[in-house]
1. Run down the aspartates and glutamates and flag those whose C-alpha is under 13 Å from the C-alpha of A:K126, throwing out any fewer than 8 positions away in its chain.
2. Of the heavy-atom accessible surface of the protein assembly as shown (probe 1.4 angstrom), what whole percent is carbon and sulfur?
3. Which one, A:A237, A:Q212, A:V91, is farthest towards the positive end of the dipole of the stretch A:64-240 when Lys and Arg carry +1 and Asp and Glu -1 on their Cβ?
4. Just B:P19, B:P98, B:P141 to compare: in a GNM of chain B, with alpha carbon springs under 10 Å, which one fluctuates most?
5. Please report, in Å, the Rg and the Dmax of the protein assembly as shown, where both are computed over Cα atoms only.
6. For the pairs B:K11/B:K222; B:K11/B:K220; A:K5/A:K374; A:K405/B:K61; A:K308/B:K163; A:K306/B:K7, flag any whose C-alpha to C-alpha distance is greater than 19 Å.
7. Indicate the residues belonging to the stretch A:282-307 that lose 50 Å² or more of solvent-accessible heavy-atom surface (probe 1.4 Å) upon moving from the chain alone to the assembly of all protein chains, ignoring ligands and nucleic acids.
8. For B:K191, go through the aspartates and glutamates and keep the ones whose alpha-carbon is under 14 Å away, minus same-chain ones fewer than eight residues off.
Amino acid sequence: MEILKIAWRNIWRNRKRTLITAGSVFFALMLSLIMVGLQNGTYDHMIKTSVDDFYGYIQVHQKGYHDDPTLLNSMEFNDKISDYLLSDENVKELHPKIETFSLSAFGEKTKGIAVIGVNPELEFTKAGLKNRLIEGNFPDSETGGLLITQKYAEFMGVVVGDSIAFIGQGYQGVSAVGLYKVTGIIKLPNPQLNSGLAYMEIKQAQELFSMQGRLTSVVLRLNDNSEFKETTERLAANLPASYEILDWEKEMPELLQMIESDSKSGQIMLMILYIVIGFGIFGTALMMTAERIKEFGVMISVGMQKSKIIILVSCEMIFIALVGIVASVLASFPIIYYLHINPIVFTGEMAKTYEAYGFEAIMPVAWQLSYYLKEPLIVLIITLIAIIYPLWGIKNIQVVKALKK
Amino acid sequence: MKIIEIKDLYKIYTESEIPVNAVNGIDLSFEQGEFTAIVGPSGSGKTTFLNMLGGLDKPTKGEVIVDGVNIGLLNSRQVIDFRLRNIGFVFQAYNLIPVLTAKENVEFIMQLQNQNKNDREARAIEMLQAVGLGDRLNSRPSKLSGGQQQRVAVARALASKPKFILADEPTANIDSASTNNLLEIMQELNKKENITFIFSTHDQRVVNKARRIITIDDGKVKSDVKL
């Protein structure tokens, strides 16, 4: 207790220096917390709009579909495989899908688009799609219909109630032709998807593409999305050989690579900030020990072991770092929360760049405590590393020389 | 009863080109309850001698035996622990811990000795009252005069009940009135607690109060007078 009391009082002997050092920790940590929040918020948003709302965390296909995603590699999906997948504790639901492409036509205009056959009751009740309807209604299993995306509707000049013709190729080369009434329009955050996608009821899609009883993929909805890797591994162990199971990282390696490469550049920035913190603490620790050599000499003379002096100075430096860390966390969290509620929205060229990569032009900030625990911990570890050399100096103090200082 | 025995003590500094014999063969012993002044000109070897007596410096040759323990043979941790339990120090520049109050400074060494809080507090108050600072228990060193700080240092040195106290020029930085007051306090505590005091000093007022005067010059004992 005494050591903590002395350490706390000691750091205020030179108030200015303590505040400057704590200030360097404060600003650097605040920047790093906001940066981490922006990075993780952006990645989470990318994953949410691409994975959670669209592809799903895990998909099951006919073996070979991932490498050659054509209707020829579609699968028959029976109760046995369905029961097996649902037997996993983390699997909540199975969402059957048919994903293919077709030429669409309305009036004088034509456009190739992605056509996705889904179970409306499962697919359109998800928050990711449910909240994005901007006009009309979702198709349902009874009446069918077509749900198209906003940019596509604008390009084709289609409104709710119009009918779009599809001309394409079905299973085993059969011609796929049909006319479908638009029941609703959605706006998707992913610009690429928003400019050319149509959802239809899965039985309609099976009929259009001559795929009775067949699916291209089954999306596994999970109770805990963060457990997707473990769940994939568990299910892959006993999956029949004619199927393949892939998580989103394997399904969309380009998204993962993009996140990883962006994350690397963020890590370099963080490293620079931490080096600044490290040298600030190192300098203070060096001064605090160098100017108190005589004091330490006296302490050793009267019977204080060097190890206790080392603990004392370590506590002092940890206190200074903690002052900066606590102040930084208290100041950063309101800013992070504000940016979480009001994400940065890009406009102009920046927005175009984002959209060119297929992402919504916003930069949300993550509001998840686990993202922010690491940074203060790193600052504490840096503090401990930065004081090693000054503490080594205490270990080597020669009492007689110290007393003469 | 002998508490310190010094046998054939040498300290030779070899850092410079010409070796310096700071202590050049001293044989002495000190009895329990002595009030001894070590005098001599600057550079005579007083402080080096005192440092070796307190285990702060290792002799080049010879032995310092305190209560049967040759402190030159102890490792650095053991010698620090030995000082904690057996030796009190009073420095010329007081050297109190600036962030602790007078009472906390006196308690500090007892805390290092792991004494319980109640005993520590009671002893600290008793010692500060004995040096006439019962009304300044909660003052920090910066709020005390030089003389008062040195009295706190004496209380600190005595509080842990050491076998002897080494005081290096304890009156060098304080005024005459404070010097007389401090010497009277130390004499009284010497009699009351039977603690051995060994001073190194230039101050004639300290010498006048001493009951044994050892004169050192060129690292050797020139005279040893018991009064």
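1. A:D52, A:D53, A:E93
2. 56
3. So the residue furthest toward the plus end is A:Q212.
4. B:P19
5. 41.3, 128
6. Table pairs above 19 Å Cα-Cα are A:K5/A:K374; A:K405/B:K61; A:K308/B:K163; A:K306/B:K7.
7. Residues passing the criterion (a loss of at least 50 Å², heavy atoms only) are A:V298, A:S301, A:V302, A:G303, A:Q305.
8. B:E31, B:E34
The values are calculated or read from the model by the stated rules, or taken from the named source; none is laboratory data. Being a predicted model, the structure only gives us computed values, none of them experimental. All Cβ positions, even for glycine, are placed from backbone atoms using ideal geometry, and neighbour counts span all protein chains on display. Accessible surface is based on the protein model in full, side chains and every heavy atom, while ligands, DNA and RNA are left aside. Shrake-Rupley method; radii C 1.70, N 1.55, O 1.52, S 1.80 Å.
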